[in-house]
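Single-structure report; data block below.
Every read-out reported here was derived from the displayed coordinates using simple, explicitly stated rules and does not represent laboratory data. These numbers come from a predicted model, not from an experiment. Note: ideal-geometry Cβ built from the backbone for every residue, glycine included; neighbour counts use all protein chains shown.
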Amino acid sequence: MTMTRTFIALSLAAGAALAAAPALAQEHQVPPPQLSWSFSGPFGMYDQAQLQRGFKVYREVCASCHSLDYVAFRNLADPGGPGFSTAQVDALAAEYKIKDLDDKGEPVERTGRPADHFPAPFPNAAAAAAANGVAPPDMSTLAKARTYQRGFPWFIFDLFTQYQEQGPDYIHAILVGYEEPPKDFKLPPGGHYNKYFPGHNIAMPQPLQDGQVTYDDGTPQTLDQYAKDISAFLMWAAEPQLEARHRIGFQVMIFLIVLAGLLYFTKKKVWHEVEAPREAAQGQDPAKTTL
Amino acid sequence: MSGHSTYQPQNKALQWLETRLPIGGLIHSSFVAYPTPRNLNYWWTFGGILSFMLGVQIITGIVLAMHYTAHVDLAFKSVELIMRDVNYGWLLRYIHANGASMFFLAVYIHMFRGIYYGSYKAPREVLWILGVIIYLLMMATGFMGYVLVWGQMSFWAATVITNLFSALPGVGETIVTWLWGGYAVGQPTLNRFFSLHYLLPFVIAGVVVLHVWALHVAGQNNPAGIEPKSDKDTVPFTPYATVKDSFAIAVFCILFAWFIFYVPNYLGHADNYIPANPAVTPAEIVPEWYYLPFYAILRSIPDKLLGVIALFASILILAFLPWLDTSRVRSARYRPLFKQCFWLWVIACIGLGWLGSKPPEGIYVLLSRVFTAYYFGFFIIILPLLGIFEKTKPLPNSISDSVLKAKA
């Protein structure tokens, strides 16, 4: 097994060599603080109350500019989600007006149904861009579409620690990252200074302030709390099957480990005659007998 | 090696079939009685792992294709709907996307093993070249599959890679237009990539059959790099190789499941969750990890045409390996100098992979050039010369000799 030994030695050496190489990664980007999320790790699950609060923030603040194309009202009652009841979803959908055609083919606005998707705030990307300078990105995959450079060696550790929350960490950081630009920083007109945005010049004005959204459950109404809740909600919007994935993953892992263990001992038993011939144990030459 | 089949079915129906189509005998001689060297280590289980992965990719791919729409306005959406509305669609897609990475991981280990133990040498040249063809087909298939998602990185990777052909003098632009089916990456490109992405895995499966056929004619190489001389040197494929391969596949699946269930997007790029937008170029365009070494070779050469030539040469040179390596000794176990040069070459490959993900500036360019030079130097200078100058260690008399000596 020389190849195995050399392979391990080499992997360690390569790791050390890469560690010594210049870390060029985060030149224009301040790494966002890593928060602890209820959905991180192999047994992570969403915090229903947090998703409901995050949804409230989305509805009252984000939704005026950002679409949520791939999420339907009915998803809010799906298992592994914010946990609204179907009655709540019916009532919620009915508050929305959906563009549709009537029986005669005439365009109408009807009340929403649970199967409808969230209507976009702008009729198309051009209208969104005209109203905002830059079209605000759709939010249904945002938490998986945003990240930041982890750099060596962190990206290797992430594989083992299962750090997959770059997206929500980044979104939270952006929301709390608005500050006065440093004196030597030239902010172009229409831009806003954000500590965590790559290049610091972000088109979106600060969307959230302390006390802006009312929480009914006594949760602190602070910017930091809003940022955490909306980030968690967006993670759910991007990865609504996370809870099922973690649950099935654990079952599959147990199954595979048991299967591999059984196969290992089966292999041992089958190969025993080849690897430790009976003749050798009895002091005879195994080369004189056939298998 | 395989010899005549000793398959004698007891069942009347099987006897009837066997006299008309001896498929039972074929299976028996290929996967039951087939003699396999007794000293194979676990690096030899990756052939079985690769067959398993090809099966996984084809099965999940067929189901995904039932739900996918190859249209520029709908492709991204259909992928998202697979993730959200198709029963276990998220599982199928994460298996398929991470399966591609696992497939490449396994094929790289399989190739490194083949080079380390000299498995490409006579009489296994055709076996090796068929492997290189499979690898080329895999690269094409993987690339086109990545484009189907139609995210930002899909679109821009398609643009960059197809544009490579524009470097060819005279015919370049025409070829690129022909590949695209238009004047930019668009609907015809996506549609034909879907068609080819569905076709090529079956071509791979066909070449795999040839690969296994060639393997069963020449017989497997082994860590000692000497041919089996008697029955004592081999064990029958079933149960010995079957149970060992099954165990290896189960262990490999644990790694695979880790990616699928716990870090499904680790090997992907965040930009691919943004729908393709021809008007916005991403800050950085990087290929999937398994193409990074070749991307680094491409960018290490300042001239575009020469870079493209180097890129293709770096893969095609593998096909000439059986003749570039002039040594008669197969296994690196008995080739001390080759062993060192081989591991340096592995470092160069991994180093190029890391550099492919870095911006082409400063120290990274210099390192890419050093590693690229070594990558090619290994094939065209070191291997031909080593065969002449290297003093190899004495080979064991037989496989069973080498096994028993190792135990003693």
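Some values worked out for this structure:
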{"read-out": "Residue mean of other protein chain beta carbons inside 10 Å, B:354-363", "value": "2"}
{"read-out": "Where Rh is the Kirkwood radius over Cα pairs, Rg/Rh for chain B", "value": "1.00"}
{"read-out": "Reachable aspartates and glutamates, given that their alpha-carbon falls under 16 Å from the alpha-carbon of A:LYS268 and they are not under 8 places away in the same chain", "value": "B:ASP245"}
{"read-out": "Electrostatic dipole magnitude of segment B:105-253 [Cβ: Lys, Arg +1; Asp, Glu -1; Cα centre; debye, to 20]", "value": "120 debye"}
{"read-out": "Over 25 Å between alpha carbons, listed pairs B:LYS339/B:LYS405; A:LYS267/B:LYS393; A:LYS269/B:LYS121; B:LYS77/B:LYS358; B:LYS12/B:LYS232", "value": "A:LYS267/B:LYS393; A:LYS269/B:LYS121; B:LYS77/B:LYS358; B:LYS12/B:LYS232"}
{"read-out": "Packing-based exposure ordering (other Cβ within 10 Å, fewest first) of B:THR45, B:THR242", "value": "B:THR242, B:THR45"}
{"read-out": "Candidate aspartates and glutamates for bridging to A:LYS183, where Cα separation is under 16 Å - those fewer than 8 sequence places away on the same chain excluded", "value": "none"}
{"read-out": "Exposure proxy ranking, count of Cβ atoms within 10 Å, fewest first, for A:HIS272, B:HIS71", "value": "A:HIS272, B:HIS71"}
{"read-out": "Within 10 Å of each Cβ in B:239-250, the average number of Cβ atoms from other chains", "value": "5"}
{"read-out": "For chain A: relative contact order, % (alpha-carbon pairs under 8 angstrom, 6 or more apart)", "value": "23 percent"}
{"read-out": "Cα-centred dipole magnitude for chain B, charges only on beta-carbon of K, R (+1) and D, E (-1), debye, nearest 20", "value": "1240 debye"}
{"read-out": "Segment A:140-291: C-alpha gyration tensor shape, a/c 1.5 cut-off, then a/b vs b/c", "value": "prolate"}
{"read-out": "Rounded tilt (10° steps) of B:46-67 against the dominant C-alpha axis of chain B", "value": "40 degrees"}
{"read-out": "Average Cα contact separation per residue, chain B, under 8 Å, 6 or more apart, as relative contact order %", "value": "23 percent"}
{"read-out": "Percentage relative contact order, segment B:117-198, counting C-alpha pairs under 8 Å, at least six apart", "value": "27 percent"}
{"read-out": "Estimated Rh, the protein assembly as shown: Kirkwood, alpha-carbon pairs, angstrom", "value": "28.7 Å"}
{"read-out": "15 Å Cα-Cα reach of B:LYS304 towards aspartates and glutamates, excluding residues that sit fewer than 8 places from it in its own chain", "value": "B:GLU173"}
{"read-out": "Between helix A:223-238 and chain A: long-axis angle, C-alpha atoms, 0 to 90°, nearest 10", "value": "60 degrees"}
{"read-out": "Low-density loop cleavage sites - trypsin sites (Lys or Arg not before Pro) in segment B:247-330, where at most 16 other Cβ are within 10 Å (DSSP)", "value": "B:ARG328"}
{"read-out": "Listed residues B:VAL403, B:HIS110, A:ALA72: farthest to the positive end of the dipole of the protein assembly as shown (Cβ charges)", "value": "B:VAL403"}
